Ligand SMILES: [Zn+2]
């Protein structure tokens with residue numbers, strides 16, 4: 001007998017159909033949605049397990065199209081590749097819980113943007129219950145540019161073997177790496193071979209200590225663009241500045257992987273300057289995928305906000321030992337790297353709120369007014385911060401998007417159908433329709449009524465397999 005589930009009498013909220021939301025019953029068989037019955041009083045099919053959805057809402061599983069699964073919140077970038085800094089048990093517990101923390105907030109599909117540790121992704125895929133995971137393979141970093149610049153010069157070429165050769169920097173590239181093996185076309189081909197669905201590249205001159213990192217020019221980007229199109233891969237660019245987003249949209253990238261919080265010389269303007277609006281208009285008109293990732297900045301701000309570690313949900317997604325470490329003075333080491341001299345916390349909060357957060361909210365609000373092609377992505381965790389925790393960070397990002405001016409419909413579409421279409425996985429996921437994978441979330445509240453609906457999860461199905469929300473939280477003895 002096939003494994004069948006009948007979710008009866010539920011309000012179906014599916015992004016292709018928001019004008020005709022109604023009740024129905026959904027039949028899942030062998031991991032797929034096979035039938036949706038709209039008539040009232042439809043009978044439960046023989047042999048199916050009944051789940052009453054009365055008074056509840058069924059949505060497609062959510063998609064976070066910007067995560068970094070090998071990175072550990074609160075820990076140095078290098079820890080992901082090297083010794084566990086004397087905390088192997090803490091790190092192991094974290095990775096064991098990781099898939100469930102995403103599911104706890106309804107994320108059933110993830111895209112990892114830059115594979116740095118194949119084993120970490122493989123372990124994730126091997127865990128008993130986990131979101132579907134896609135990736136962009138090893139990212140295309142311009143030689144010695146961001147983010148390979150974060151690794152020591154002796155290590156960085158080993159860590160980022162898919163870098164783009166730059167003849168001008170030949171003297172600082174180890175001789176074993178030949179130019180012909182590191183062209184845009186060769187690098188894109190390597191992503192394709194590894195099974196990636198997207199190509200991730202960067203335009204970042206740097207921040208803090210490193211402000212003059214090498215960046216690619218339009219000719220290199222055009223070659224990447226061409227190769228990615230030929231291989232059917234989505235081209236994503238890390239770009240958070242006015243200069244970078246202008247460069248990316250002019251070079252026809254598919255997705256800008258951050259909001260524009262860096263306005264360069266225009267940073268002091270209190271309203272969006274016209275030259276920035278021109279670029280935003282282009283982004284909206286070309287339907288360039290846009291991931292605001294506002295939580296990247298909130299994740300830095302978290303070190304100065306006494307309320308952050310008091311968020312009640314943290315112990316549901318982070319095992320106790322790691323949570324205790326976040327609360328220790330050693331666990332706050334990254335704060336010292338963020339703060340100059342002895343600036344008081346209140347001044348740091350104001351700096352974020354009046355600076356990058358103000359600017360990114362303005363930009364995102366402007367794009368919302370133009371109905372830009374928003375894609376939901378969190379960049380979890382975006383840095384060594386403990387302010388971007390798996391699953392929870394998505395829920396916080398949704399609150400940020402609403403605050404910046406996205407409607408609840410825009411948020412819902414960004415996290416479902418927009419993501420599915422952009423990443424060409426819409427034949428599998430993104431809506432509640434027959435033929436799709438049974439990745440579904442049952443909610444007590446409607447996501448079109450309030451953003452807290454995303455925190456009212458009752459059950460999550462992954463390929464038809466149900467998990468109650470409680471079973472996905474960190475267990476008390478963990
Ligand atoms: Zn990222």
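Every read-out reported here was derived from the displayed coordinates using simple, explicitly stated rules and does not represent laboratory data. Only a predicted model underlies this, so the values are computations on that prediction, with no experimental measurement involved. As a convention, Cβ positions derive from the backbone with ideal geometry for all residues, glycine included, and neighbour counts pool all protein chains shown.
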Return one number: the angle in degrees, 0 to 90 and rounded to the nearest 10, between the long axis of the Cα atoms of helix 345-354 and the longest principal axis of the Cα atoms of the chain. 80
Take residue 46 and residue 150, extend 7 Å from each Cα along the Cα→Cβ direction, and tell me the distance between the two endpoints in nm. 5.8
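I need the peptides 32-42, 357-367 ranked by packing, meaning the mean over residues of other C-beta atoms within 10 angstrom, with the highest value on top. Kindly include the intermediate steps, with their values, before the conclusion.
Numbers: 32-42: 14.5, 357-367: 21.8.
Result, highest mean first: 357-367, 32-42.
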Can you give me the three principal axis dimensions of the range 265-397 from its C-alpha atoms, in Å, biggest first? 48, 33, 20
Starting from the Cα of residue 409, move 7 Å in the Cα-to-Cβ direction to define the label point; list residues of the range 1-27 whose amide nitrogen is under 13 Å from there. 14-21
Once the mean of 1/r over all distinct C-alpha pairs in the range 143-184 is inverted, the Kirkwood radius in Å reads 10.3
Would you mind checking the tilt of helix 218-230 against the longest principal axis of the Cα atoms of the chain, expressed as 0 to 90 degrees and rounded to 10? 30
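Please state the relative contact order of the chain as a whole percent: Cα pairs under 8 Å, 6+ residues apart? Mind showing how you got there, number by number?
Details: 972 pairs, mean separation 105.3, N = 478.
22 percent.
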Give the Rg/Rh ratio for the chain, taking Rg as the radius of gyration of the Cα atoms and Rh as the Kirkwood radius, to two decimals. 0.96
At q = 0.16, 0.20, 0.24 Å⁻¹, what is the log10 ratio I(q)/I(0) for the range 209-291, with the Debye formula run over Cα points and no solvent? -0.63, -0.94, -1.23
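How large is the convex hull of the Cα atoms of the range 243-320 per residue, expressed in Å³ as a whole number?
Working: hull volume 11.1 nm³, N = 78.
It is 142 Å³ per residue.
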Could you sort 213-220, 67-74 so that the peptide with the highest average Cβ count within 10 Å comes first and the rest follow in order? 67-74, 213-220
From the alpha carbon gyration tensor of the range 363-478, can you work out the equivalent ellipsoid semi-axes (sqrt of 5 times each eigenvalue) and give them in Å, largest to smallest? 23, 20, 14
Which log10 I(q)/I(0) values, to two decimals, does the range 317-392 give at q = 0.16, 0.25 Å⁻¹ under the Debye formula with one point per Cα? -0.84, -1.23
Cα centroids of the range 1-79 and the range 111-157: how far apart, whole angstrom? 30
Rounded to the nearest 10 degrees, the helix 356-369 long axis (Cα) sits at an angle to the longest Cα principal axis of the chain of 50
Distant alpha-carbon pairs in the range 233-277 (separation over 18 angstrom), percent: 28
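Run through the DSSP bridge list for the chain and note the antiparallel percent, rounded to the nearest 5.
Numbers: 26 of 54 bridges.
Bridges in the chain that DSSP calls antiparallel: roughly 50 percent.
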Could you let me know the centre-to-centre spacing of the range 173-204 and the range 382-426, using Cα atoms, in angstrom? 28
What does the helix-only formula give at 222 nm for the chain: each DSSP H stretch with n ≥ 4 adding -39500 (n - 2.57), the total divided by the residues, and the result rounded to the nearest 500 deg cm²/dmol? -9000 deg cm²/dmol
Highest first, please rank the peptides 321-327, 130-136 by the mean number of other Cβ atoms sitting within 10 Å of their residues. 130-136, 321-327
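With r as the distance between the Cβ atoms of residue 265 and residue 168 and R0 = 25 Å, compute the FRET efficiency 1/(1 + (r/R0)^6) and round to 0.05. Please list the in-between numbers first.
Working: r = 26 Å, r/R0 = 1.03.
Step by step, r from the Cβ atoms, then E = 0.45.
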